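Participant: Sharing a structure with you now.
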Number of protein chains: 2
Amino acid sequence: MSEAAPAEPSKSALKKAEKQAKYAADKAAKAAKAAKQSSLPVVGGKKTDDIIGITVSKAENFPQWYQEVVLKAEMVEYYQEISGFFILRPISMHIWNEIRKWFQASIEEMGVEETNFPMFLSAKSLEKEKDHVEGFAPELAWVTKAGDKDLEVPVAVRPTSEAVMYPYYSKWIRSHRDLPFRLNQWNSVVRWEAKQTTPFLRTREFLWQEGHTAHLTEELAGKEVLEILELYAGVYEQLLAVPVVRGRKTENEKFAGGYYTTTVEGYIPSNGRGIQGATSHALGQNFSKMFDITVEDPANKGSHIHVWQNSWGLSTRVIGVMVMIHGDDKGLVLPPRVAKIQSIIIPVGINKNTTPDDRKKHEDQVAEIRSTLKKAGVRAESDWREGYTPAWKFNDWELRGVPLRLEFGPKDAAKEVVSFARRDTGEKGFIALADIATKIPELLETIQKDMYTKAEIAFREHRIQITNWDEVLPALDNKNVVLIPFCGEPKCEERIKELTTRTDDQPDVPENQKAATMGMKSLCVPFEQPEGIVPGETKCLSPECERTADKWTMFGRSY
Amino acid sequence: MSEAAPAEPSKSALKKAEKQAKYAADKAAKAAKAAKQSSLPVVGGKKTDDIIGITVSKAENFPQWYQEVVLKAEMVEYYQEISGFFILRPISMHIWNEIRKWFQASIEEMGVEETNFPMFLSAKSLEKEKDHVEGFAPELAWVTKAGDKDLEVPVAVRPTSEAVMYPYYSKWIRSHRDLPFRLNQWNSVVRWEAKQTTPFLRTREFLWQEGHTAHLTEELAGKEVLEILELYAGVYEQLLAVPVVRGRKTENEKFAGGYYTTTVEGYIPSNGRGIQGATSHALGQNFSKMFDITVEDPANKGSHIHVWQNSWGLSTRVIGVMVMIHGDDKGLVLPPRVAKIQSIIIPVGINKNTTPDDRKKHEDQVAEIRSTLKKAGVRAESDWREGYTPAWKFNDWELRGVPLRLEFGPKDAAKEVVSFARRDTGEKGFIALADIATKIPELLETIQKDMYTKAEIAFREHRIQITNWDEVLPALDNKNVVLIPFCGEPKCEERIKELTTRTDDQPDVPENQKAATMGMKSLCVPFEQPEGIVPGETKCLSPECERTADKWTMFGRSY
């Protein structure tokens, strides 16, 4: 039987499967070409592209593990031309689009409208809010030339759009009846980081949404801040199976120029570091005063009040957090709700001794399974690639994180079942063919739930309440984040960071050992406060601080 | 009855209507504030923001008419900080998103995957294809500084992404089994135009999609070029009710560095100018040779062939074409399929003599009409704004282009009908309340179809076949585009442009009279060729040309 002649219904599956697996294949024939690719990223001294599968364990070398996973699962590609930039490949864009659809539907329901502002801003607008410009100036990319002419006034690529948008809010918001005034845009922003970049987590350009709203009162603005924060928590918990702690940032960590910042904070078990998930900012009246955004007070005709503003953003960083939490030594592990392929069907037991008739029959059966699953709403594909053993294919799809593998061979056909293997737990079993339309969607939901539960337990067990300073460093070393009574003072927070920074923190410490020397910073003041703080009595835990603490604050080594 | 107490179901409608109409309202109270807005765009010596309705007729002063429509219908806002940039407001983003959804679904079906490449490119990549860099270099925005440090190597903001993406195609395409290899991205690009900018049509930054694909053979690539072109035609014809002519660009007008360019061309009846709608390029092997994108020839083991590439893009320009074609002296006219609000319900016959009970009853009825329409898939809103007459509201929604106005008063209620008025024709009538769920969607489809037909007739009647050179200029002056036998030579095309440029074309001619002096250029060689050309015999129409013409070519004054 010729290579390219599967049964009609599985042709497109074959094409897709072929397209989605670019590794190995005709490696030998292409050796010459590969040699030319001298610009491949080098990991641990080896070209990552030449190795199939992940070469280090997640526990032993987490940074390299992460880098290999996002590259080899084809989530990103390093952009060789300019450092700190990454290409997002289809599997990542699928995840981002699932998040986008979910979040967009939610904010549309709230009455938020979509807009698109230019990517450039003038220094003049940016400088209106002093803290804001100070926060972003070091990372601005400046366009100074167009064609071969110097621009009269250089313009910066937006790092965020407060200063781009708010001059127009002043114009568009004419009356309290225009409030709430809410716009959102999906775009990319540039922050030319000096620090080392990491795919998804810290990149010089990233995709995000940024919402910018205006309200009549502090209370109404504050209500929206929390509504949005809950949507961000939903993206993590419901789509990405990642648990987060909701809370408020300390003064030290809040948005530059804002009033207060709320946040969802995640936790990476492998290194015990906290990671900021997404932030929803109350800007207060700082910007409305600078940009002159006022309405007539409906309760007091003739007098004007400055509107209360919010801004809130969720970026492609979420994808990196998801990878770090769920991935394992075999590679990526995707939560079913965001996986581009939820279930991959791999034909087994077919070999050169199989008669063309038997093969055809088998292809038809696989096509029917796939079609049944598609109709049941499952993103299912089949892998008919020639020249690969089933075992090779298993590894390949495990590397790519597909949540559920289905194996189907003549023996399964005889028993009228499919064999399955869960990506998250490795658990194997059988499902009767007659039941796949209901059992497989259920199983995918179970996987989604189990992935969340596992991560939730890990976070809960590593969030430790501490009331004795001496226990802090050992707790961090044991990969925990800590909840401590904290006074909230920026200077005290700075000092806590110094006190918890190991003196052996040298700049030449390899990246994979750095976490162990890093000082801790505040992650958030959780909204859900444990018992045990007596306001006005409980002391701030810092050994050098004399102030009292009103709240438990979550601290940790962090990204 | 207090102002803010409509019946429960119409509260959100009220809020939405209020939000969507920012004009006039409390103008007086805000006079002081308006005075501060010294940076408003000035049209015809007046601040456009201070005038309700369009102040010039489309026929008399088309450029000013266009500018007023896009501003006053709140499609765009001028970005004061940097000239040539525009803010897209929700009504525009709605149109763009409808187009995006439709096109995205179509290309997904074809197997095109989504990607996201960085916005910057290095000079090195750009320079690989000589014609390409020459075509784009004059309009590149160069980032030379990050923070306060000069970049070692300046980077340009992408004007298009061939040079950003193709180095990776070389890496990712390893075998003929990876073909067709197709990626698309939705982003914005920057082309720092020196020419005068116009909202949507020529802006220094614009939103678009750019597809970049690779194929094994010229034939397969060529097939896709046309499939995509047909989708572009679909965006115009099916969504925007705009007729287009499909064809191929001449050598002079093709994409810089490409093999050949196909295009859909539109026509603006008001000034008789042609306008390029969207282009689908066959790049041939030019880029694959420069970027070394090869696969082993499946028919000839051991030898390698360069892939055949395409690129294709559709931008927010489409929205401007739609505005120019359908708008009238009252403002915007939106085709129902892309209108954010398809039908606006305006309560009439309610005044201060109406009893609270009667008002409440009326509000309930309006809410029910709206809810019935929503369930029938119609994007319907109601306008309960206080302090405005129905006549004022009629004008306001006409300005904003809402396709169908429904009026509903106690008299209509008694007769169990709603009154309607079509935005496109002004036609009025009644629909029985019992029938609105079927009749109104039908009516919207009729409007869509009629708008297309009207524009299609206008284009057809102004596409004139000419075989006598002396008739060319009069035809252009009569707002036609012309079909002429043309040899296809770039030099001959340049000369035709000179020959049709009026000598009274001075740089200080006002913009609204410029069309009448502009030379014509080729728009495309239409795929649908009229009869009448005898290859090898028919002469090129240029009076100075001795060559023969194989094809009718469409020429015109153009954007």
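The values are calculated or read from the model by the stated rules, or taken from the named source; none is laboratory data. From a predicted model like this one, the values you see are computed outputs, not experimental measurements. So basically every Cβ, Gly included, is an ideal-geometry build from the backbone, and we count neighbours across all protein chains shown. In case anyone asks, the SASA skips ligands and DNA or RNA and just uses the protein heavy atoms, side chains included. Shrake-Rupley method; radii C 1.70, N 1.55, O 1.52, S 1.80 Å.
Participant: Quick one: accessible surface of residue A:192, probe radius 1.4 Å, all protein chains present, in square angstrom to the nearest 10.
Facilitator: 20
Participant: Please list the non-local residues whose amide H lies under 5 Å from the amide H of residue B:430, H modeled 1.01 Å from N, same-chain partners needing a gap of 5 or more.
Facilitator: B:420
Participant: Counting helices only, and only those DSSP H runs with n ≥ 4, report the 222 nm mean residue ellipticity of chain B as the sum of -39,500 (n - 2.57) divided by its residues, in deg cm²/dmol to the nearest 500.
Facilitator: Working: 17 runs with 184 residues, N = 559.
-10000 deg cm²/dmol, from helical runs alone.
Participant: Which whole number gives the average count of other chain Cβ atoms within 10 Å of the Cβ atoms across peptide B:119-126?
Facilitator: Details: counts 8, 9, 3, 4, 1, 1, 2, 1.
Partner Cβ neighbours, averaged per residue: 4.
Participant: Continuing with the same structure: Please list 3J(HN,Hα) in residue order for the stretch A:256-271, calculated via the Karplus relation 6.51 cos²θ - 1.76 cosθ + 1.60 where θ = phi - 60°; whole Hz, with x for glycine and proline.
Facilitator: So the Karplus estimates, Gly and Pro as x, are 4, x, x, 9, 8, 10, 9, 8, 10, 10, x, 9, 9, x, 4, 10 Hz.
Participant: Can you give me the long-range amide H partners of residue A:304? Hydrogens built in the peptide plane at 1.01 Å from N, cutoff under 5 Å, separation of 5 or more residues or another chain.
Facilitator: It is A:297, by chain and number.
Participant: Rounded, prolate or oblate: which fits the stretch A:151-238 when a ≥ b ≥ c are the square roots of the eigenvalues of the alpha-carbon gyration tensor, with rounded for a/c under 1.5 and prolate only if a/b beats b/c? Provide the component values of the computation, followed by the final result.
Facilitator: On the way: a/c = 3.08, a/b = 1.24, b/c = 2.48.
Verdict is oblate for the stretch A:151-238.
Participant: With label points built 7 Å along Cα→Cβ from the Cα atoms of residue A:544 and residue A:434, find their separation and express it in nm.
Facilitator: My value for the distance between the label points is 7.4 nm.
Participant: In chain B, what percentage of the DSSP-assigned beta bridges are antiparallel, given to the nearest 5?
Facilitator: Working: 73 of 87 bridges.
So the antiparallel bridges in chain B amount to around 85 percent.
Participant: OK, next. For a protection proxy built on the mean count of beta-carbon atoms within 10 angstrom, sort B:393-404, B:60-71 highest first, please. Intermediate values should be presented prior to the final figure.
Facilitator: Numbers: B:393-404: 23.1, B:60-71: 21.2.
Going from most to least packed, we get B:393-404, B:60-71.
Participant: Specify whether the C-alpha gyration tensor of the stretch A:79-140 places it in the rounded, prolate or oblate class, a ≥ b ≥ c being the square roots of the eigenvalues: rounded for a/c under 1.5, otherwise prolate if a/b is larger than b/c and oblate if not.
Facilitator: Cα axes put the stretch A:79-140 in the oblate bin.
Participant: Going by a ≥ b ≥ c, the root eigenvalues of the Cα gyration tensor, does the stretch B:132-285 fall in the rounded group (a/c under 1.5), the prolate group (a/b larger than b/c) or the oblate group? Don't skip to the answer; put the middle values down first.
Facilitator: Details: a/c = 2.04, a/b = 1.11, b/c = 1.85.
Oblate, because a/c is 1.5 or more while a/b does not exceed b/c.
Participant: Regarding the protein assembly as shown, what is the average projected area of its C-alpha convex hull, in nm²? Mind showing how you got there, number by number?
Facilitator: Details: hull surface 196.8 nm².
Convex hull of Cα atoms, orientation-averaged projection: 49.2 nm².
Participant: Something else now. Can you order the peptides B:335-341, B:448-454 by their average number of other Cβ atoms within 10 Å per residue, highest first? Intermediate values should be presented prior to the final figure.
Facilitator: Numbers: B:335-341: 23.4, B:448-454: 17.9.
Put in order of decreasing packing, that is B:335-341, B:448-454.
Participant: Follow-up question, since we're still on this one. Please compute, for peptide A:181-188, the average count of beta-carbon atoms on other protein chains lying within 10 Å of each residue's beta-carbon.
Facilitator: Numbers: counts 2, 1, 4, 2, 3, 2, 3, 5.
Across A:181-188, the average partner-chain Cβ count within 10 Å equals 3.
Participant: Right, another one. If you bin the C-alpha pair distances of the stretch A:37-191 every 10 Å from 0, what whole percents do you get?
Facilitator: In order of increasing distance, the bins hold 8, 24, 26, 25, 13, 3, 0 percent.
Participant: If I ignore ligands, DNA and RNA and count only protein heavy atoms, how much of residue B:362 is accessible to a 1.4 Å probe, in Å² to the nearest 10?
Facilitator: For residue B:362, the solvent-accessible surface is approximately 10 Å².
Participant: In peptide A:163-175, how many Cβ atoms from other protein chains are near each Cβ within 10 Å, on average? Intermediate results must be reported in sequence, preceding the final value.
Facilitator: Details: counts 1, 5, 1, 0, 5, 6, 0, 3, 10, 5, 2, 10, 7.
Average per residue, whole number: 4.
Participant: I've got another one for you. Beyond a 30 Å Cα-Cα separation, which of these cross-linked pairs lie in this structure: B:101/B:449; A:171/A:249; A:58/A:449; A:375/B:374; A:145/B:254; A:72/A:479? Don't jump to the answer; show the numbers that get you there.
Facilitator: On the way: B:101/B:449 21 Å; A:171/A:249 32 Å; A:58/A:449 23 Å; A:375/B:374 28 Å; A:145/B:254 27 Å; A:72/A:479 27 Å.
Violating the 30 Å Cα-Cα cut-off are A:171/A:249.
Participant: Continuing with the same structure: For the stretch A:249-332, treating each Cα as an identical point scatterer without solvent, what Debye log10 I(q)/I(0) comes out at q = 0.12, 0.19, 0.21, 0.23 1/Å?
Facilitator: Rounded to two decimals, the profile gives -0.53, -0.88, -0.97, -1.06.
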